[in-house]
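The values are calculated or read from the model by the stated rules, or taken from the named source; none is laboratory data. This structure is a prediction, so every number in the text was calculated from the model and none was measured. Please note: Cβ atoms are built from the backbone with ideal geometry, for glycine as well, and neighbour counts cover all protein chains shown. For accessibility, only protein heavy atoms count, side chains too; no ligands or nucleic acids. Shrake-Rupley method; radii C 1.70, N 1.55, O 1.52, S 1.80 Å.
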Amino acid sequence: MKTKVFNERRKIRFKRFVRKAYGAFNSMHKVINIGVVAACTLTFANSTRAQGQSVATNHRTEGEMLEQELEEVTVTASRTEIPLSQTAKLVTVITRDDIARAPIQSIEDLLNYAANIDVVQRGGHGVQADISIRGGSADQTAVLLNGVNISNPHTGHYSFDIPINLSDIERIEILHGPSALVYGSSAFSGGINIITKKEPDARIAAKLKAGMHALADAEIRGATQAGIANLSLSTGYRRSDGYIANSDYDIYNVLFQTNIKPKKINIMAGYNNKSYGANTFYSALYPNQYERTSEILGAVSGMFGQKLKFIPQIYWTRHFDRFDLIKNTDTGRNYHRGDTYGANMMFLYTSTLGNTHFGGEMRREDIMSSKLGKPLASPHGRYTNYDGRTLTNIVIEHTLNLHRFTFSAGALANYNTLQGDKLRFYPSASMAYRPAEGLKINASWSRSSRLPTFTDLYYTTETHTANETLRPETSESFDLGVTYKRGYFEASLTGYIMNGRNMIDWVREASDEKWASWNHTEVDKRGVEAQVRTLLWYIMPFMGQTSTFAVSYAHITQSCDSKGLESRYTLNYLRDKLTAGLNHNILKGLTASWNFRFQDRTGSFRLYENGIDKGLHDYPPFSTLDLRLIYNLKKVNINLDFNNIFNEQYYDIGNVPQAGFWLIAGLEWIF
């Protein structure tokens, strides 16, 4: 065996994890790559990286390194954090390395590369996008920031008006399927939990970008440790003149965080501001729409205790919106102010029988508007209408580990003032079985429900007619999946059945110009999600130790009696999506990340040209290819992004063309 040079950093890969007291010591003195064993990861996903000091000589063989043991990675795939390899729910984990390698400008761009996520963008780089899971709508996806439910009850169109920059993100966890027990009743088809960095990975990090269509992007983040507290402040600004008329945007974010270690107290406050051209966003009859939104967020959470842990959380968000049906005129102008605030008080008890999580949440959702809600006795400034509702949840869940099995079961009891007649229960049960090393079989069953948004209930305009008698929609889902991970190879396959009742949609007769909110009686879905991923450097070392290749595929079939009505959202779902990603080295310090995407959307849209109705058109399938080149110069990275290399013309939603080829260059400094 050759003696290695003192202080040389070695990259180690672990093929198994164990829960041993000495596991943490095994990670000392080396650079560690921890494989993220997600049932369906991003196609460009790389390993999660935890870096320790490099101070010792290494005399281990490759075989010994493969057998190294380490503590397991945990995720919030249930009310109790559990190791990812033991989860019975399908979870996608996106790491900070994934974000660094992706040719993206926003979270919405990032989620486009997940095969089982449907991202319907109405503009460039996260200006406004609907994010849905398993053929659901944006209103059916719960969005959380560090476990705080910031889903917007006004409309799901605004759920990603989040005061966060890409450099703030530690990882993103995506939970597939109805998840009321985990994320609350708004997680009708799944949930997305964005988790920020808690440790100062760099004192100062700055990014600058410039590109076609007068794009400019600047971001700076500072972090420090002050006694027992970690402090961070980030701010970001991006703008563009837009790729078509009235698609310009200006976006500003700022986020402050304090993480106090001994008591695990986290405080965060943020502000997001957007103004953007909304070309044909909500109606092709009015192409010159414009929107201005802003959001203020504040939250405090903590964890206290040992065997019995107390986990409190309080939060508040305020969202402003001014919508112009015709830009810079009073025609069709709407003002809205939404407030969401709540408190969670959860307990976690650990015993020889497993983990028991129980507690409650109270959440208040208010809207003041010139359009939504019931008329006020006297106007409040520019607001003439108001409505509000209170949601109360009681949760209990127990997770039990028995050798190769993990069982979890629980229920969420919900009472809301919109229905106000009785307490409703949403149970969930799941199981994971690990018959052999690297192999996991999992199954889960759950029920969920979602209240109509304030837009569903009240948005009556020149183009829409709302329905105040809408009923909440409900769903029941069953999943069965298998995951295999061994050495440098992993694969997963999941099938699911989801039956929805009273599904909320906007529909219209062929002869109507207005959309109307409506409850579909039944919408049933069948789907499959598959992924294969390999670490190429095991097979082809010349491609570099971070080289990976992955391909993912998601398919949905859906049945619904539409009664001949034209659907705005529910029946226009993403039937097939195929993604493939390749990361590899080119030269020393130069790496490339390729990302391919194919989509085939079912449904149709009414095409308008110069205000003239050209009839219904099916959504054509399309494919795109993106590339990021990264050149590393110690503390400086140079990025070059080639988005939509072949200038593909396509639609995510009817009459809103997406951007063609877009070239962007960037610099990143880390101090």
**Item:** Matching residues, region 528-558, being closer than 30 Å to Gly603 by Cα, without any contact (Cβ under 8 Å) to a residue 60 or more places away in the chain and among the polar types (S, T, N, Q)
**Value:** Thr557
**Prompt:** Is it the case that region 172-185 has a residue that's among the aliphatic types (A, V, I, L, M), in contact (Cβ under 8 Å) with a residue 24 or more places away in the chain and either over 30 Å from Ala429 (Cα atoms) or in contact with a Pro (Cβ under 7 Å, 6 or more places away or on another chain) (or both)?
**Reply:** no
**Prompt:** Taking region 358-381 as the region of interest, how many residues are in a strand (DSSP E or B) and either of a type in the set (D, E, K, R) or touching a Cys at 6+ places or on another chain (Cβ under 6 Å) (or both)?
**Reply:** 6
**Residues satisfying the stated conditions in region 402-423, i.e. part of a strand (DSSP E or B) and not aromatic (Phe, Trp, Tyr)** = Leu402, Thr406, Ser408, Ala409, Gly410, Ala411, Leu412, Ala413, Asn414, Asn416
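Let's see how each residue does on (1) among the polar types (S, T, N, Q); (2) surrounded by fewer than 13 Cβ atoms within 10 Å (Cβ to Cβ); (3) closer than 21 Å to Ala580 by Cα:
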| residue | (1), (2), (3) |
| --- | --- |
| Arg597 | no, no, yes |
| Pro621 | no, yes, yes |
| Leu625 | no, no, yes |
| Asn632 | yes, no, no |
**Prompt:** Mind checking whether some residue in region 538-554 is modelled with pLDDT under 90, aliphatic (A, V, I, L, M) and open to solvent by less than 40 Å² (accessible area, probe 1.4 Å)?
**Reply:** yes
**Message:** Looking at Gly360, Gly388 in this structure, which one is in contact (Cβ under 8 Å) with a residue 12 or more places away in the chain, open to solvent by less than 60 Å² (accessible area, probe 1.4 Å) and over 24 Å from Asn272 (Cβ atoms)?
**Reply:** Gly360
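Okay, residues lined up against (1) more than 21 Å from Arg597 (Cβ to Cβ); (2) of a type in the set (Lys, Arg); (3) within 12 Å of the chain's Cα centre (by Cα); (4) open to solvent by 10 Å² or more (accessible area, probe 1.4 Å):
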| position | (1), (2), (3), (4) |
| --- | --- |
| Ala129 | no, no, yes, no |
| Gln140 | yes, no, no, no |
| Ser167 | yes, no, no, yes |
| Arg171 | yes, yes, yes, yes |
| Gly177 | yes, no, no, no |
**Item:** When residues of region 401-422 are limited to those that are among the hydrophobic types (A, V, I, L, M, F, W, C) and modelled with pLDDT under 90, the one nearest to Asp387 (Cα to Cα)
**Value:** Leu418
**Item:** Residue count, region 414-429 (criterion: under 22 Å from Thr453 (Cβ atoms), hydroxyl-bearing (Ser, Thr, Tyr) and under 28 Å from the mean Cα position of the chain (by Cα))
**Value:** 2
**Asked** Restricting attention to region 245-270, which residues are over 29 Å from Phe310 (Cα atoms) and surrounded by fewer than 22 Cβ atoms within 10 Å (Cβ to Cβ)?
**Response** Ala245, Asn246, Asp248, Asp250, Tyr252, Val254
**Request:** Determine, yes or no, whether Gly481 is under 16 Å from Ser567 (Cβ atoms), buried (at least 22 other Cβ atoms within 10 Å of the Cβ) and either free of Cβ contacts under 8 Å to residues at least 24 places away in the same chain or of a type outside the set (A, V, I, L, M, F, W, C) (or both).
**Result:** no
**Request:** Taking Ile228 as the residue in question, decide whether it is open to solvent by 30 Å² or more (accessible area, probe 1.4 Å) and touching a Gly at 6+ places or on another chain (Cβ under 6 Å).
**Result:** no
**Prompt:** Looking at region 426-478, which of its residues are closer than 30 Å to Val91 by Cα and free of Cβ contacts under 8 Å to residues at least 12 places away in the same chain?
**Reply:** Ala436
**Request:** Sort out which residues of region 345-357 are open to solvent by 20 Å² or more (accessible area, probe 1.4 Å) and part of a strand (DSSP E or B), and write them in order of number.
**Result:** Met345, Phe347, Leu348, Tyr349, Thr350, Ser351, Asn355, Thr356
**Request:** Quickly run through region 424-463 and pick out the residues that are closer than 25 Å to Gly373 by Cα and either part of a helix (DSSP H, G or I) or aliphatic (A, V, I, L, M) (or both).
**Result:** Leu451, Phe454, Thr455, Asp456, Leu457, Tyr458
**Message:** Restricting to region 641-671, name every residue that is among the aliphatic types (A, V, I, L, M), under 13 Å from Lys209 (Cα atoms) and open to solvent by 30 Å² or more (accessible area, probe 1.4 Å).
**Reply:** Leu663, Ala665, Leu667
**Prompt:** So, in region 500-530, of the ones that are assigned to a loop (DSSP other than H, G, I, E, B) and charged (D, E, K, R), which residue ends up least open to solvent (accessible area, probe 1.4 Å)?
**Reply:** Asp512
